[in-house]
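Scroll down for the structure; my scribbles are underneath it.
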Amino acid sequence: MVDVHSWELDAKGDKLKEEFQGALDDVVEHVDQQDCSLKDEVTTLKKIVEDLAKQANVAALKREIEDLKNEVLVYKAAVRNDVMASPSRVLVDVLKPKQFKGIRSAQVENFLWGLEQYFKATSIIVDADKVSTTSIYLTNVASLGWRRMCFDEKRGCNSLET
């Protein structure tokens, strides 16, 4: 009788084992389906986040483009106002100043006055450019003196300032 009960218990245990294994297989299958479903949802959410990031980037670019357009309008207005405000210049054939030979007399005043008029007519306003241009018109003793000053400056003995 004990053998019969043992055999019945073994049979019931095997049956329970099979039922439990079937239920476990169903749970595993359900979990796998849920896992696939969650993976699909995560992929969808990632795409949505990427789209939102792109939209935010596009919005930022649109704002920057608008800012640049406004800046260009300001520059255009400034240029237009500058052009309208500046008088039209008539191109004149400007006579070059006479050369200065280094003779100390009223010629110095005339030479300097002529250079100033030349600078105004040719729109030379930077002092260094004025000095360079003036040195072109020095001859004889004045040229020698200028050359000596430039040589001394290169040696560090003299400092030319404008």
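Hey, could you check the range 120-148 for residues that are farther than 20 Å from Q107 by Cβ and among the polar types (S, T, N, Q) and say which is surrounded by the fewest Cβ atoms within 10 Å (Cβ to Cβ)?
Selected residue: S123.
Within the range 88-138, take every residue that is polar (S, T, N, Q) and in a loop (DSSP other than H, G, I, E, B) and give me the one that is modelled with the lowest pLDDT.
Taking the candidates together, the pick is S88.
The values are calculated or read from the model by the stated rules, or taken from the named source; none is laboratory data. Quick caveat: nothing in here was measured; it's all calculated off a predicted structure. Ideal geometry is used to build each Cβ from the backbone, glycine not excepted, and the neighbour counts take in all protein chains shown.
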